[in-house]
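Colleague: Pasting a structure below so you can have a look.
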Amino acid sequence: VKVGNKTISSSKRCRKWEWSSFTTSARSDGQQFRHWVRAGVEYPDYPYARFDIHLDPVRYTDDEYRKYLQHNAWTKSDTDRLMELARVFELRWAVIYDRWSSDINQYKIEDLQHRFYTVAAILSQARITKEATSAVSTLSAMPNIDNSESHLLEAAAARALANTEPDHQPLIENIATGTSNKEVFDLERERERRAHLELLWKRTKAEEEEEYELRKELKLIESQLRKLKKSGGHTLAGASRAGSRNASRAVSPIPSAANTAAILEKSFASTAPMPMPDTPYLQSGRLIPPGTGGSHGINKATLKRMDIVLEELNMTKKPIATKRVCDLYDTVRKDILTLLILQKAATQKEGQLQTKCLRLAKVGGSSSNQISRGMDEEAIMGITPAPPPAPPAPAPRAKPKAKPRSANAGGKGSKGSVNKNSSHSSKTDTAEKPKKTATKKRKSKADTKAASAAAAAAAANVVSDPSNAPSLPVAKQPNGPTEEKGSAKKRPRKA
C-alpha cells in the first residue's frame with residue numbers, strides 16, 4: 001500500500017499503539033493528560049514542553065519606582081497592573097488592551113506599549129550603571145599581581161559603563177524580558193502609523209478604485225524611469241536627446257578648429273548627469289556617449305570611429321566608474337574626437353583646394369599638379385601665393401572660307417569648299433593655266449587632310465584632359481592677313 005511517497009508492506013503486522021497518560025514540565029500543577037503513543041515507548045518529559053518559553057517579568061522595587069519610574073500620567077497601581085498583564089499574556093498587546101480596564105485613566109494601545117518599554121529601558125540603564133560601579137570597586141580591590149590584559153580590559157569596560165550617562169550606554173538587549181536599555185519605541189511615529197491605518201480601514205469603494213488607477217500610473221512612470229536609468233541619462237538629458245533624435249540622423253556640419261573644444265564640452269554636457277540638490281546620481285552615467293546632431297557637430301559615424309580608436313588603444317568600454325577614472329576617460333574621448341573632427345575638416349579643405357586648382361588650370365592653361373605642388377610649397381614656406389596671371393584673350397573662331405577667283409585668295413578650308421573652288425577655277429581657267437590648277441588641287445587636298453587629322457587629335461585630347469584643350473586653327477591667307485568677320489572681301493559668285 002502506497003501512502004504518499006512511502007510504500008507500506010501489507011504483509012507485515014501493524015504496530016501497536018496505546019492510549020497512555022503523561023505529564024508535562026510546562027505545567028506546575030502536575031495535571032495529567034492522555035495521548036496515543038507507540039506501545040513500549042516511554043518519554044521522560046512531554047516532547048513539546050521545550051517550546052513552552054515564557055518571558056521574564058519586569059520587576060522593580062518601591063525604591064526604584066520612587067527614584068526612576070514616577071510619571072504624572074501614570075500611577076503606581078496602573079504601572080503594576082500593566083506589568084502583570086504583560087507577563088501573563090507575553091506582550092500580546094491586542095489581548096492586553098482588551099483586558100485593560102481602568103475607570104480613571106483610559107489609555108490607548110500605543111500608550112500602554114510606550115509605558116512598558118520606557119520602564120524596562122530606565123530600569124536596565126540604572127541596573128547596568130549600578131553593576132558597573134560595583135564591578136569597578138571589586139576589580140580595584142583585587143591585587144593586580146600579573147597585570148593581565150583581560151583584567152585591565154574588564155576594569156576599563158566597567159569603569160566606562162559606570163561613568164557613562166545612562167542615555168549614552170551601548171545597546172544591551174535583555175532577551176528574557178524582550179526589552180533593552182534603549183527606548184526603542186517611538187510613540188509619535190506609532191500614533192501616526194495607527195492614524196494612517198485607521199484612514200485606510202475606513203476607505204470607500206470609490207477611493208479604492210482611485211488608488212488602483214493611481215498605482216497603475218505609478219508603475220508606468222517607474223518603468224519609464226528604469227529605462228532612462230539603463231540608458232545612463234537623467235530627465236533633462238533625456239529630453240534633450242529626444243528633441244535631437246531626428247536631427248542626429250542628418251549629416252552634421254564640420255566644425256572648425258577654433259570652436260572644437262566648446263562643441264565637445266556642450267556635447268558631453270548634454271548627456272552627463274546634472275548634479276542637483278537632494279538628487280544623487282551615479283558616476284557611471286558619465287560613461288555614456290556624447291550627444292549627436294543639432295548644434296553639437298558630432299554624428300554617429302564619428303562616434304563609431306571613436307569606439308574603433310578606443311579598441312585599438314585596448315581601453316575597456318565600461319571602466320570602473322570612479323570620479324578620477326571618469327575624468328581621464330572623458331579626456332581621452334575628447335582628444336580622439338578632436339583628432340577625428342580636425343582630420344575631417346582637413347580632408348574637406350584639401351578637396352576644396354583641389355577643386356580650385358582644377359579651375360585655375362582650366363583658365364590659365366598650366367598643369368594642375370604643378371599648381372598644387374607650388375601652392376603646397378608656398379604654404380609650407382609661409383609665402384603668400386601670388387595672384388594667378390590674367391588669362392590671354394582667346395582668338396576668335398573663323399569659319400573656313402571658300403577659295404575666291406583671284407590668284408591671291410588661297411588657303412586651307414574644308415574639303416567640299418576646296419573641291420567646289422577648284423572645279424570652278426578649272427572650268428574658268430582650263431584653257432589658260434591647266435598645270436597650275438592641278439598643282440593647286442593637290443596642295444588643297446593635302447592641307448585639308450592635315451587639318452582634319454589635327455582636329456581629331458585635339459578632340460581626343462580634350463576628352464581625356466579638358467585642361468589641355470588647344471585653340472582651334474584659324475584660316476590663313478598666303479598673301480594677306482587673317483580674314484575676319486565683316487571683311488570687305490566677298491565670296492566669288494558661282495558661274
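Read the figures in this text as sums done on the coordinates, not as results from a lab. This is a predicted model, so every value here is computed, not measured. Virtual Cβ from ideal backbone geometry, glycine too; neighbours counted across all protein chains shown.
Colleague: Using only the Cα atoms, work out Rg/Rh for region 1-93, with Rh taken as the Kirkwood radius, to two decimals.
Modeller: 1.32
Colleague: Follow-up. What three numbers, in Å, describe the spread of the alpha carbons of region 290-349 along their principal axes, ordered from the longest?
Modeller: Projected onto the principal axes, the Cα atoms of region 290-349 cover 39, 25, 16 Å.
Colleague: State the extension gain, in nm to one decimal, for the chain segment bounded by K349 and E312, taking 0.36 nm per residue of separation less the distance between their alpha-carbons.
Modeller: Here the segment from K349 to E312 would lengthen by 10.6 nm.
Colleague: Additional query: Can you list the GluC sites (Glu not before Pro) in region 1-101 that are in a DSSP coil and have 16 or fewer other beta carbons within 10 angstrom?
Modeller: E42, E90
Colleague: Taking 0.36 nm per intervening residue step and subtracting the Cα-Cα distance, what contour gain separates A49 from K6 on full extension?
Modeller: Once the chain is fully extended between A49 and K6, it gains 12.5 nm.
Colleague: Based on the Cβ-Cβ distance from A261 to R359, what FRET efficiency comes out when R0 is 30 Å, to the nearest 0.05?
Modeller: Here the calculated transfer efficiency is 0.30.
Colleague: Students often get this wrong, so check it: of K67/K130; K229/K318; K304/K349; K318/K344; K304/K334, which have C-alpha atoms separated by over 19 Å?
Modeller: Beyond 19 Å: K304/K349; K318/K344.
Colleague: At E188 and T338, where each label point lies 7 Å from the Cα along Cα→Cβ, what is the point-to-point distance in nanometres?
Modeller: In this crude label model, E188 to T338 measures out at 5.6 nm.
Colleague: Moving on to the next point. Obtain the nm distance between the two label points defined at V37 and Q224 by a simple spin-label model: each point lies 7 Å from its Cα along the Cα-to-C-beta direction.
Modeller: For V37 paired with Q224, the spin-label model returns 7.0 nm.
Colleague: Which parts of region 39-61 would a label at R13 reach, counting a residue when its backbone N lies under 19 Å from a point 7 Å out along Cα-to-Cβ?
Modeller: 39-41
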